[in-house]
Amino acid sequence: MKGIPGLGLVLLLVIAATVPAAALDKPPASWKTGSEPLQVEARSMDLLAADNVVVFQGDVAARQGEVTLHADRVEVRADPKTREIRSVKAKGSVRLHKGDIVAAGDEAVYDAVQGVAVLTGSPKVWRGKDVVAGDKITLYLAEDRSVVEGAKAVIYPPAKGEGGAAQ
């Protein structure tokens, strides 16, 4: 299945928004998403420096610009030498929002080395009224491609007057 336009960007921006600058010696330039301030709210944050892990827990909301991530728990792992992000795991009522795109599931795991994000636990992705669901949704961000296992989709035709619709 061809990737949902803009979803790769959504996940990249959301992943970038989960790492506070103070948690890393110096944030990698490649993760810059704009000049908007990063706002992370959670009931608690644990910095496990020896393990190169930052854990946010309890009603986590990470916002930067128009991108928002909500989850019960977000864990960010960094490379011990370079301090670059290696992986991000969001668990419990995961919701990603950007514009008219919403992705949800029980868990989202992002492998920064491979550039792959996996949504599990009744994952769904909405764009406007269109929805794709499955057992597992794998997003290959560099390829702008997604694979949905056990896929179910509802895709509406464009309304009259929108691009491609019959007049």
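The values are calculated or read from the model by the stated rules, or taken from the named source; none is laboratory data. Being a predicted model, the structure only gives us computed values, none of them experimental. Please note: Cβ atoms are built from the backbone with ideal geometry, for glycine as well, and neighbour counts cover all protein chains shown.
Laid out as a table, the results:
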{"item": "Pair list, Cβ < 6 Å and 6+ apart or interchain, from region 98-109 residues that are more than 8 Å from residue 124 (Cα to Cα) to residues that are surrounded by fewer than 17 Cβ atoms within 10 Å (Cβ to Cβ) and of a type in the set (Asp, Glu)", "result": "98/66"}
{"item": "Residue ID - farthest from residue 126 (Cα to Cα), chosen from residues in region 78-88 that are modelled with pLDDT of 80 or more and crowded, with 18+ Cβ neighbours inside 10 Å", "result": "78"}
{"item": "Selected residue (only one of 123, 157 is out of contact with any Leu (no Cβ under 9 Å at 6 or more places or on another chain) and crowded, with 16+ Cβ neighbours inside 10 Å)", "result": "123"}
{"item": "Complete set of residues in region 122-136 that are in a loop (DSSP other than H, G, I, E, B) and either of a type in the set (D, E, K, R) or over 18 Å from residue 105 (Cα atoms) (or both)", "result": "129, 135"}
{"item": "Among (1) under 17 Å from residue 40 (Cα atoms); (2) in contact with a Lys or Arg (Cβ under 7 Å, 6 or more places away or on another chain); (3) among the charged types (D, E, K, R); (4) at pLDDT below 85, the one test that residue 98 misses", "result": "(2)"}
{"item": "Qualifying residue in region 126-139 (condition: touching a residue at least 40 places away in the same chain (Cβ under 8 Å), crowded, with 17+ Cβ neighbours inside 10 Å and under 24 Å from residue 56 (Cα atoms))", "result": "yes"}
{"item": "Qualifying residue in region 140-147 (condition: at pLDDT below 95 and in a loop (DSSP other than H, G, I, E, B))", "result": "yes"}
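A quick yes/no check of all residues on (1) under 14 Å from the mean Cα position of the chain (by Cα); (2) under 24 Å from residue 49 (Cβ atoms); (3) not in a helix (DSSP H, G or I):
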| site | (1), (2), (3) |
| --- | --- |
| 68 | yes, no, yes |
| 74 | yes, yes, yes |
| 81 | no, yes, yes |
| 87 | yes, yes, yes |
| 103 | yes, no, yes |
| 114 | no, no, yes |
| 138 | yes, no, yes |
| 153 | no, no, yes |
